[in-house]
Amino acid sequence: MLYQCKNITLTYNKVVGYNCNSTAIYSFFQQTAIKELYYCSNFSLYDPALGRMLSPDKYIPNPRNPQAYNRYSYCINNPLKYTDPTGEWFVIDDLIAAGIGGLINLGVNAFNGNLSGMGFWETLGKGAAAFGAGAASGTLALYGPVGWAAGGAIVGGTNAWLGGATGWDIAKGAGVGVVSGFAGGAVGTWAASSISPLLNGIGSPVLKGAITGVVGGAAGGYTGGFAGGLIMTGDFNAAHHSGMSGMWMGAGIGWAAGAGYGYKYAVENNINLWTGKPNAIETPYQTPQQKAQEGVNRAIQEIEAQGGTVLIREVTLEVNGVRVRVDLAADFNGQITLIEVKNGPSAGFTPNQNIVYPKMIDGIPIVPRGANAVPVWGPGQIGQPTTIYILKIIKY
Amino acid sequence: MSSIFKKDVEKGLSAICDKIGFKKKQYYFIKPIDDNVIATLNFGFILHKTKGHIYINVGVGVSHKAIEELYAKLTELNKPVFKPTISLQIGYLMPENSYKEWDFIENADNSSVYENLLHCIQTYGFKYQEKWKDLDNLLETFEKIAPGILNQARDRYLPILYYLKGDKQKGLKVIADAMERQKKPLDESSMPTFSGAKEVITIVGSGIGKVDPEYLKFAENYNAL
């Protein structure tokens, strides 16, 4: 059998498997003679909820203003970074993360008053610094624990400087960023992956991504905010406020980022955004020649699977001066059989076949012609009429 | 498909055969293995599969002079033709045990395809030619071939091999069985099935279900040996 697993869809240049595992697909390719025509892609469907997580980026507020510790914001941590099979989304990942991180850090600093009360050019320069630090942190957050910590350090140090800190206070801000960044990233990752099994009943990759993002972002945001606030103030109440602020911000960003990655997943795997089921695959156009060869390859596969062998391809026969070319000749249990394959509902007989086949049914001898007929009848029979043959016409 | 491209491929195949000592003779490329046995290669040209491509399959065989001389005598061939006593597509001699073609592309550098084809002939083809050089191995191979209605090679060569081994009676038994089998109508259950097909039409030649007159002549001549 060609199809070894449920719901496998074969197209000319691609196989998309659904409810299949790699063993079944491998078996499929091992058993078909057409394996050279196809390559396998996306046979292992990926659960978008798994690994879809958020990790907090760390925006350490003005170290001199404990109230500002609440201004935490978060960026995405994207495990698909490490599983993106084509690399097509590689730059997009970075840009999305950088954009979100940059804008949020710009907003945090504006809200804190770090970008006001100065001249135009200074505001522009410091605004650019705030955006740049946020963008760097957002991108680094895609690269796991080291990235979380590094991003936290950059934002923590930059924001401390923007808030007026100097010397060791800037370093202290960076240090707080490292701790809260790491803590938020770890908790956000854990929360996102923990909730995944609970979402198995949800088909939509967008919805799954959004929910996972909200939970991971909120958990990571609270943790990062709380850690940063506690370090800076030593006050649990202020730390809790800082954590709550981070939670709401993380949840909001997580929702957008998770839904975005759910969308990406659906597009990459050609599945419905809302049901998670495979979209109908548009079969690429095949020329009649390609379609015919596909049928011949299928026939060869069936013959070989039953222990037969192919003797030759494209055997020419002549009846009453009219020639036809039969697709192949096979030896099966000592029976040499000519095989003509028609593939698809629109495949019909050629004008010559319409003349020759009825004559063969009427018992008129055939005359083997050309070198490709030699392995079937032997060289002595070429050009000599014979009535000893079997022709099978197979319609797939 | 341009005829120039086909000629180019023919030249390329001749060149690789030349490298391993095979010369063209009628439909085959041949090389004597010893005084009695000739190694054969034949190339099937598949010209209509894909535009701008020629696909080549390779039959590997041997021709035993003593067997073929007796074959020509028994079948009363006016003009004996050179042919292999046994031949098989090389793909079935390879580990994948499957029909194999080599794809030559028009206006492309096909040198690696020629090299691969040559490598496969040397690696897999020569081994079998050496094996079939030996009459006992050849007999064993023919004994394993299923006795089909149309398998003229098996029903003719097996009695000849038994005769050459000094066991004519065994050869007569093969001939008698073959004639009985030829009288029977086609048994569809012995044919390959195509489970994926929507429709299968079988056209059976009017010579099926009767003893082949040529074979009858062969049997009479064999009996008279």
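The values are calculated or read from the model by the stated rules, or taken from the named source; none is laboratory data. Fair warning: this is a prediction, and the values are worked out from it, not measured in the lab. Cβ placement follows ideal geometry from the backbone for every residue including glycine, while neighbour counts extend to all protein chains displayed.
Do we find that A:Val322 is in contact with a Lys or Arg (Cβ under 9 Å, 6 or more places away or on another chain) and surrounded by fewer than 16 Cβ atoms within 10 Å (Cβ to Cβ) in this structure?
Yes; evaluated as a whole, the condition is true for this residue.
Of everything in segment B:32-88, what is touching a Phe, Trp or Tyr at 6+ places or on another chain (Cβ under 6 Å), among the polar types (S, T, N, Q) and within 9 Å of chain A (Cβ to nearest Cβ)? Give them in sequence order.
Those that are touching a Phe, Trp or Tyr at 6+ places or on another chain (Cβ under 6 Å), among the polar types (S, T, N, Q) and within 9 Å of chain A (Cβ to nearest Cβ): B:Asn42, B:Thr75.
Can you tell me which of A:Ala347, A:Ala299 is at the interface with chain B (Cβ under 10 Å from one of its Cβ atoms) and among the aliphatic types (A, V, I, L, M)?
A:Ala299
Just checking: which of the helices (runs of 4 or more DSSP H) contained wholly in segment B:145-225 hold 3 or more residues that are exposed (fewer than 15 other Cβ atoms within 10 Å of the Cβ)?
Of the helices (runs of 4 or more DSSP H) lying wholly inside segment B:145-225, those with at least 3 residues that are exposed (fewer than 15 other Cβ atoms within 10 Å of the Cβ) span B:168-183, B:213-223.
How many of the residues making up segment A:305-314 are surrounded by fewer than 22 Cβ atoms within 10 Å (Cβ to Cβ) and either within 7 Å of chain B (Cβ to nearest Cβ) or of a type in the set (Val, Ile, Thr) (or both)?
Qualifying residue count for the region: 4.
Here is a yes/no grid of residues against (1) over 24 Å from A:Lys264 (Cβ atoms); (2) modelled with pLDDT under 80; (3) crowded, with 22+ Cβ neighbours inside 10 Å:
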| residue | (1), (2), (3) |
| --- | --- |
| A:Gly181 | yes, yes, yes |
| A:Ala191 | no, yes, yes |
| A:Asn200 | no, yes, no |
| A:Ile211 | no, no, yes |
| A:Ala218 | no, no, yes |
| A:Gly224 | yes, no, yes |
| A:Ala227 | yes, no, yes |
| A:Leu230 | yes, no, no |
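Take the residues in segment B:50-72 that are of a type in the set (Ser, Thr, Tyr) and part of a strand (DSSP E or B), then tell me which one is surrounded by the most Cβ atoms within 10 Å (Cβ to Cβ).
For segment B:50-72, the residue satisfying everything is B:Ser63.
Output the number of the condition that A:Leu142 fails; it satisfies all remaining conditions of (1) crowded, with 22+ Cβ neighbours inside 10 Å; (2) more than 17 Å from A:Gly250 (Cα to Cα); (3) modelled with pLDDT under 75.
The one condition A:Leu142 does not meet is (2).
Just to check your reading of the model, which residue among A:Lys172, A:Lys208 is within 22 Å of A:Ala129 (Cβ to Cβ), in a helix (DSSP H, G or I) and among the charged types (D, E, K, R)?
None of the others qualify; the one that does is A:Lys172.
Taking the stated definitions as given, is A:Ala238 of a type outside the set (Phe, Trp, Tyr) and closer than 18 Å to A:Gly101 by Cα?
No; evaluated as a whole, the condition is false for this residue.
Taking segment B:8-49, which residues are assigned to a loop (DSSP other than H, G, I, E, B) and closer than 14 Å to B:Ile121 by Cα?
B:Ile20, B:Gly21, B:Phe22, listed by residue number.
From A:Gly260, A:Gly295, A:Gly254, grab the single residue that is surrounded by 18 or more Cβ atoms within 10 Å (Cβ to Cβ) and touching a Gly at 6+ places or on another chain (Cβ under 6 Å).
Result of the check over A:Gly260, A:Gly295, A:Gly254: A:Gly254.
Among residues belonging to segment A:376-389 that are under 18 Å from B:Phe43 (Cα atoms) and assigned to a loop (DSSP other than H, G, I, E, B), point out the one that is farthest from the other protein chains (Cβ to nearest Cβ).
Ranking the qualifying residues of segment A:376-389, first place goes to A:Ile382.
Looking at segment A:285-329 only, could you name the residues that are more than 42 Å from the chain's Cα centre (by Cα) and without any contact (Cβ under 8 Å) to a residue 40 or more places away in the chain?
A:Gly321, A:Val322, A:Val324, A:Arg325
Name the residues in segment B:1-29 that are touching a Pro at 6+ places or on another chain (Cβ under 9 Å) and either buried (at least 21 other Cβ atoms within 10 Å of the Cβ) or among the aromatic types (Phe, Trp, Tyr) (or both), would you?
B:Tyr27, B:Tyr28
Is one or more of the residues making up segment A:217-238 part of a loop (DSSP other than H, G, I, E, B) and over 18 Å from A:Gly181 (Cβ atoms)?
yes
Could you please let me know if A:Ile339 is over 23 Å from B:Lys79 (Cα atoms), touching a strand residue (DSSP E or B) at 6+ places or on another chain (Cβ under 6 Å), facing chain B (nearest Cβ under 7 Å) and buried (at least 20 other Cβ atoms within 10 Å of the Cβ)?
It is false that A:Ile339 is over 23 Å from B:Lys79 (Cα atoms), touching a strand residue (DSSP E or B) at 6+ places or on another chain (Cβ under 6 Å), facing chain B (nearest Cβ under 7 Å) and buried (at least 20 other Cβ atoms within 10 Å of the Cβ).
Being without any contact (Cβ under 8 Å) to a residue 40 or more places away in the chain, assigned to a loop (DSSP other than H, G, I, E, B) and surrounded by 15 or more Cβ atoms within 10 Å (Cβ to Cβ) is the filter here; which residues of segment B:73-132 pass it?
Once the filter is applied, which keeps residues that are without any contact (Cβ under 8 Å) to a residue 40 or more places away in the chain, assigned to a loop (DSSP other than H, G, I, E, B) and surrounded by 15 or more Cβ atoms within 10 Å (Cβ to Cβ), segment B:73-132 yields only B:Ser98.
Among the listed residues B:Ser87, B:Ser111, B:Ser98, identify the single one that is outside the structural domain of B:Ala153 (by TED's automatic domain parsing) and farther than 27 Å from B:Glu143 by Cβ.
The conditions single out B:Ser111.
Only one of (1) over 52 Å from the mean Cα position of the chain (by Cα); (2) under 16 Å from A:Ile336 (Cα atoms) fails for A:Gly363. Which number is that?
Condition not satisfied by A:Gly363: (2).
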